[in-house]
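One structure below.
The values are calculated or read from the model by the stated rules, or taken from the named source; none is laboratory data. The structure displayed is predicted, hence computed values, not measured ones. Counting neighbours? That spans all protein chains shown, and the Cβs are built from the backbone with ideal geometry, glycine included. Side chains included, ligands, DNA and RNA excluded: accessible areas come from the protein's heavy atoms. Shrake-Rupley method; radii C 1.70, N 1.55, O 1.52, S 1.80 Å.
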Amino acid sequence: MRILVTRHGQTNWNVERRIQGRTDVELNNKGIEQAYETKEKLKSENIDLIICSTLKRAKQTAEIINIDRNIPIIYDERLIEICYGEIEGKLHDDFDYDGFWNIVDTHEYKDAENVNNFIKRIYEFLNEIKKYKEKDILIVTHNGVCRAINTYFNGIPKDKDITNLGIDNCEVVEYRI
């Protein structure tokens with residue numbers, strides 16, 4: 001089973017370095033352009049199924065990638081970004097972002113999803129999609145989800161900090177099960 005993972009295209013909040021989390025922000029013009037570039041990069045790839053977050057920025061990205069392909073898309077709530085609670089909408093520099101993503105010494109914020117519970121949610125999703133073992137799948141999601149997917153396949157770093165395990169907007173990473 002081959003799994004391609006991409007993060008949604010750029011949003012204005014990415015440019016501003018605002019924490020998006022579950023805030024339903026749309027792609028900006030550059031994000032739309034990135035999605036079209038990814039569509040071109042993937043045009044010769046066999047993709048049997050797209051599984052996508054339900055947030056607008058991911059849906060827009062998946063729909064652009066799927067133009068002229070008519071690949072079935074499944075929208076799955078488990079692929080939405082982590083909930084940052086009280087710090088959503090704030091700038092990265094306004095709080096301890098690295099501390100938030102350290103799975104041992106995680107900094108908790110009011111109404112935020114616990115990082116370990118978030119990782120468990122993504123692992124359960126990945127375990128479930130093994131039922132598509134004969135298919136090549138594209139997952140369109142968010143940076144935090146990409147971090148968790150990375151740890152599923154490559155393990156958790158010794159320092160337990162997964163901050164730097166994310167990917168750029170519309171970057172594509174391949175995994176195999």
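For Lys59, give me every one of the lysines with a C-alpha distance below 27 angstrom, ignoring sequence neighbours fewer than eight places off in its own chain.
Candidates past the 8-residue exclusion: Lys30, Lys39, Lys41, Lys43, Lys90, Lys120, Lys130, Lys131, Lys133, Lys135.
Can you work out the Karplus-derived ³J(HN,Hα) for every residue in the stretch 43-50? Use 6.51 cos²θ - 1.76 cosθ + 1.60 with θ = phi - 60°, whole Hz, and x for glycine or proline.
4, 9, 7, 6, 10, 8, 7, 10
Ignoring ligands, DNA and RNA, what percent of the accessible area of the chain is carbon or sulfur (1.4 Å)?
The value for the chain is 43 percent carbon and sulfur by accessible area.
Through the Karplus equation 6.51 cos²θ - 1.76 cosθ + 1.60, θ set to phi - 60°, convert the phi angles of the stretch 166-177 into ³J(HN,Hα) values in whole Hz; use x for Gly and Pro.
The phi angles translate into x, 10, 6, 4, 6, 5, 10, 10, 10, 10, 10, 10 Hz.
Give me the dipole magnitude in Debye, nearest 20, for the chain about the Cα centre, with unit charges on the beta carbon: positive for Lys and Arg, negative for Asp and Glu.
Charge dipole, the chain, about its Cα centre: 600 debye, nearest 20.
What residues qualify as long-range amide H neighbours of Ala112, i.e. H under 5 Å apart, gap of 5 or more or another chain, H built at 1.01 Å from N?
Glu86
For Ile74, enumerate residues with amide H under 5 Å from its amide H, sequence gap 5+ or separate chain, H modeled in the peptide plane.
Those qualifying (amide H under 5 Å, at least 5 residues apart or on another chain) are Ile50, Ile51, Cys52.
Please state the charge dipole magnitude for the stretch 15-58, taken about the Cα centre, from unit charges on C-beta atoms (+1 on K and R, -1 on D and E), reported in debye and rounded to the nearest 20.
That gives a dipole near 200 debye.
Helix by helix, which DSSP H runs in the chain go 18 Å or more along their axis at the Cα atoms and have an average Kyte-Doolittle hydropathy of -1.0 or more?
Passing helices, by number: 115-128.
To the nearest Å, what is the center-to-center distance of the stretch 61-101 and the stretch 108-177, using C-alpha atoms only?
11
Name the residue from Ile32, Ile103, Gly155 whose Cα lies farthest towards the positive end of the charge dipole of the chain, charges +1 on Cβ of Lys and Arg and -1 on Cβ of Asp and Glu.
Of Ile32, Ile103, Gly155, it is Gly155.
Amide H neighbours of Thr11 under 5 Å, counting only residues 5+ apart in sequence or on other chains, H built in-plane at 1.01 Å?
Answer set, sorted by chain and number: Asn28.
Whole-Hz Karplus ³J(HN,Hα) for the stretch 11-23, in order, using 6.51 cos²θ - 1.76 cosθ + 1.60 and θ = phi - 60°, x for Gly and Pro?
10, 4, 5, 4, 4, 7, 6, 8, 7, 8, x, 8, 5
So for the chain, considering every pair of alpha-carbon atoms, how many percent are separated by more than 21 Å?
Tail fraction, whole percent: 45.
GNM, the chain, Cα, under 10 Å: largest mean-square fluctuation among Val140, Val15, Val25?
Residue with maximal mean-square fluctuation among Val140, Val15, Val25: Val15.
Please give the per residue accessible area of the stretch 85-139, computed with a probe of 1.4 Å over protein heavy atoms only, in Å².
Each residue of the stretch 85-139 exposes 55 Å² on average to a 1.4 Å probe.
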